[in-house]
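Enquirer: Below is the structure I would like to discuss, written out as structure tokens.
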Amino acid sequence: MEAFRQRKKKTFLWIGLGVLLLPVLIVLLYTLTKKITGLTPDDIFAFAGGNVFIEMGVVLLIYAVKSVLFFIPIAFCYILTGNLFPPMYSILLNILGVSLTLTLTFFLGKKLGKNFVEKIVSRSKKAKKFMEDTEKSNVTLFALRASNIFPVELISLVCGCSGYGYWSFLGLSLLAMVPTLIPFSIMGEALKNPMSKEFWIPFAIVIVMMVGSLIFYKLRHKDEE
């Protein structure tokens, strides 16, 4: 029991540290990129000549590439899109982009098969637990998606190879991810002024939802740990 408490305390300590560092990393990356290259996301996309369809196509291409590059945090995709487009367009485009990433990785997992995916996720305790889960799988999927911390692609691979129905998988994933996708998109628009309330209010909303989902996940699986 004491060992469990120590593990839980350590887990929440790391979560708390990550939560506190998230806005710093976002602002630092934006500032360093601008300082070193003199470019902003708008400048980088200038090649499109203001053609919104080309810009949207590039964003969707980034989401497609992310389906095989697990190390790119999904939050950076949300914020990049939010920085390039007005809020309503960025939110819709992010939903479309996330759907693309989820779909590609889901069917990749289906194609690779369970044995191959097991090797990929073998180093992740949570992914292995989710892969073995049956009774709580929907609840676990929702909680891990809502946290926005656990790699999107690993869960999608597991669902793809485990007999999950595609539409149930996609619907439940979007239901969990969209509530944090929206404030992240708004943060992207306010990135040029990170000290503004337009940046920090959406960030606070994101943190409440992320921490809440993680606490729910830990409590749900307390007996198993």
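Every number here is computed from the coordinates shown, using simple stated rules; none is lab data. In this text, all values refer to a predicted model and were calculated from it rather than measured experimentally. Neighbour counts are summed over all protein chains in view; Cβ atoms, including those assigned to glycine, are modelled from backbone coordinates with ideal geometry.
Enquirer: Which length gain, in nm to one decimal place, applies between I201 and E118 when the Cα-Cα distance is subtracted from 0.36 nm times their residue separation?
Expert: Length gained between I201 and E118: 25.9 nm.
Enquirer: Taking 0.36 nm per residue of sequence separation and subtracting the Cα-Cα distance, how much length would be gained by fully extending the chain between N193 and K111, in nm to one decimal?
Expert: Taking 0.36 nm per residue and subtracting the Cα distance, the gain is 25.1 nm.
Enquirer: Calculate, for W167 and I54, the FRET efficiency according to 1/(1 + (r/R0)^6) with r their C-beta to C-beta distance and R0 35 Å; round to the nearest 0.05.
Expert: Working from the Cβ atoms, E equals 0.70.
Enquirer: Shifting gears a bit: In nanometres, what is the gap between the two model label sites at F216 and F76, each 7 Å from Cα along Cα-to-Cβ?
Expert: Simple spin-label model gives 2.8 nm for this pair.
Enquirer: Points 7 angstrom from Cα along the Cβ direction at L174 and V65: gap in nanometres?
Expert: 2.5
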